[in-house]
1. For the condition in contact with a helix residue (DSSP H, G or I) (Cβ under 7 Å, 6 or more places away or on another chain), touching a residue at least 40 places away in the same chain (Cβ under 8 Å) and closer than 22 Å to residue 189 by Cα, what is the one hit in 356, 382, 343, 360?
2. Would it be correct to say that residue 267 is assigned to a helix (DSSP H, G or I) and touching a Gly at 6+ places or on another chain (Cβ under 9 Å)?
3. Regarding residue 272, is this residue at pLDDT below 90 and either in a helix (DSSP H, G or I) or in contact with an Asp or Glu (Cβ under 8 Å, 6 or more places away or on another chain) (or both)?
4. Are there any pairs, at least 6 apart or on different chains, whose C-beta atoms fall under 8 Å, with the first in the stretch 207-226 and under 14 Å from residue 101 (Cα atoms) and the second among the hydroxyl-bearing types (Ser, Thr, Tyr), and if so, which?
5. From (1) crowded, with 24+ Cβ neighbours inside 10 Å; (2) assigned to a helix (DSSP H, G or I), pick out the condition that doesn't hold for residue 122.
6. When you look at residue 155, is it under 30 Å from residue 246 (Cβ atoms), within 15 Å of the chain's Cα centre (by Cα), modelled with pLDDT of 90 or more and not acidic (Asp, Glu), yes or no?
7. Helices (runs of 4 or more DSSP H) wholly in the stretch 293-381 with at least 1 residues that are crowded, with 22+ Cβ neighbours inside 10 Å and either among the small types (Gly, Ala, Ser) or under 14 Å from the mean Cα position of the chain (by Cα) (or both) - which ones?
8. Given the stretch 1-100, what helices (runs of 4 or more DSSP H) lie entirely inside it while holding 3 or more residues that are modelled with pLDDT under 85 and over 30 Å from residue 185 (Cα atoms)?
Amino acid sequence: MSVILIFLGVLLVAIAAGVPIAFGLMLAGIAMLWQIGFLDWQSIALQMTNSADSFPLLAIPFFLLAGEIMNAGGLSKRLVNLGLALVGHLRGGLGYVAIVTAVLLASLSGSAIADTAVLAGMLVPIMRKSGYPMGRASGLIASGGIIAPVIPPSIGYIVFGVAGNVSITRLFLSGIVPGLAMALALTLTWWLMCRREDMEKLPRQSGPEIWSAFLSALVALMLPVIIVGGLKFGVFTPTEAGVVACVYAIFAGAVIYREITLKALYACMINAVRTTAAVMLLIAAAGITAYAITIAGVPQQLAGLLGPLGDNQVLLMLAMVVIVIAVGTALDFIPTILVLTPVLLPIAKQAGIDPVYFGVVFMMSAAIGLLTPPVGAVLNVVCAVAKQRYSDVVRGVAPFILVQIALLLLLVLFPQIVIIPGQWLH
């Protein structure tokens with residue numbers, strides 16, 4: 001296991017020195033190859049190229065572009081307005097709006113960072129004006145943002161499916177029920193918190209106003225129906241679904257809502273290209289790490305350590321969930337998937353665990369890492385948009401993290417919650 005210590009040591013030193021995570025992964029992978037005597041620069045270049053050269057990965061830029069266009073074209077704004085019309089008048093109603101809108105946005109873009117930024121930008125000013133405790137409200141928004149990696153179309157499922165050779169379509173469809181369960185858990189937690197809070201309520205919307213908000217958001221609401229329906233009935237692949245989402249978002253924003261201009265569309269494309277470049281560089285860099293891990297026999301060594309748990313799938317899953325969450329506290333979302341998938345997935349398969357079920361649980365565990373210090377990418381987004389201190393948001397998000405972990409344990413104890421709906425939808 002000395003190669004693992006070298007990998008972790010180099011990676012942590014690189015992160016502490018402020019080196020971008022992609023280059024940190026490259027350095028750590030090269031250090032591992034040097035340690036085991038397999039340092040070959042031609043092989044390193046080949047592994048980086050092969051890791052990024054995958055047709056299913058084309059779905060990433062398309063879904064990222066679709067998310068950018070939805071925000072610029074008014075689709076996201078109308079979803080927030082619909083949530084305000086439906087539940088804004090309840091005690092703590094803006095929190096319910098955040099949860100409902102988080103689910104709707106998650107079914108459109110699949111990016112936790114993008115969804116959290118939209119939610120915080122639109123709801124934080126209203127929450128502050130209505131007297132909400134901002135630490136707790138910011139924690140709720142951050143917790144709603146991590147639903148995006150679990151509900152399809154999730155960029156995380158695309159990366160996991162490519163890295164682990166698992167059906168992306170099955171991952172998409174199997175993530176629907178767990179994602180909705182995350183939203184329900186947040187709703188119950190927020191309800192318990194709000195019972196004793198004195199929060200200003202928004203005026204109740206009339207029937208015609210609710211109907212008007214629904215009609216305005218109907219075009220946006222149809223997109224997840226089209227994507228899930230197309231995947232279920234085999235009309236298109238996940239990559240083709242990304243193209244469909246882009247075309248639909250452009251048509252809705254430019255023709256129906258008439259809020260997106262050519263200049264705005266160009267800006268959306270530039271943002272999507274920049275994000276895609278960052279993700280693809282991470283994937284290419286992780287190819288070195290995956291190659292080094294395979295050559296060094298790390299999966300076999302880790303399988304030996306987890307071997308005593310091999311006969312008990314529940315204990316094995318619990319151990320792997322702990323590993324994913326622990327790594328997620330130090331690494332960002334995509335690197336966590338890329339580093340751990342080639343290590344843990346073979347162990348899960350050997351123990352007879354459904355790889356699709358494992359992928360959904362893995363994704364929830366990695367998503368929780370987006371809420372945990374010291375990295376906590378989603379927390380940083382909320383702090384920046386809401387102009388809140390990091391420590392306040394960490395305290396505010398703590399109860400929601402505990403609830404999501406409890407839900408994760410429930411899925412580990414009862415795999416049928418994921419497996420049965422996934423088989424039915426597929």
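1. Working: 356 fails: closer than 22 Å to residue 189 by Cα; 343 fails: closer than 22 Å to residue 189 by Cα; 360 fails: closer than 22 Å to residue 189 by Cα.
Only one candidate passes the filter, namely 382.
2. Values: assigned to a helix (DSSP H, G or I): yes; touching a Gly at 6+ places or on another chain (Cβ under 9 Å): no.
So residue 267 fails the test.
3. On the way: at pLDDT below 90: yes; either in a helix (DSSP H, G or I) or in contact with an Asp or Glu (Cβ under 8 Å, 6 or more places away or on another chain) (or both): yes.
For residue 272, the condition - at pLDDT below 90 and either in a helix (DSSP H, G or I) or in contact with an Asp or Glu (Cβ under 8 Å, 6 or more places away or on another chain) (or both) - is met.
4. 220/76; 224/107
5. All conditions are met except number (1).
6. Details: under 30 Å from residue 246 (Cβ atoms): yes; within 15 Å of the chain's Cα centre (by Cα): yes; modelled with pLDDT of 90 or more: no; not acidic (Asp, Glu): yes.
It is false that residue 155 is under 30 Å from residue 246 (Cβ atoms), within 15 Å of the chain's Cα centre (by Cα), modelled with pLDDT of 90 or more and not acidic (Asp, Glu).
7. Of the helices (runs of 4 or more DSSP H) lying wholly inside the stretch 293-381, those with at least 1 residues that are crowded, with 22+ Cβ neighbours inside 10 Å and either among the small types (Gly, Ala, Ser) or under 14 Å from the mean Cα position of the chain (by Cα) (or both) span 313-328, 333-350, 355-369.
8. Numbers: elements: 2-16, 21-36, 41-52, 59-72, 75-87.
So the answer is 2-16, 21-36, 41-52.
The values are calculated or read from the model by the stated rules, or taken from the named source; none is laboratory data. Computed from a prediction, not measured in an experiment: that's the story for all the values here. Glycine gets a Cβ as well: all are built from the backbone with ideal geometry, and neighbour counts include every protein chain shown.
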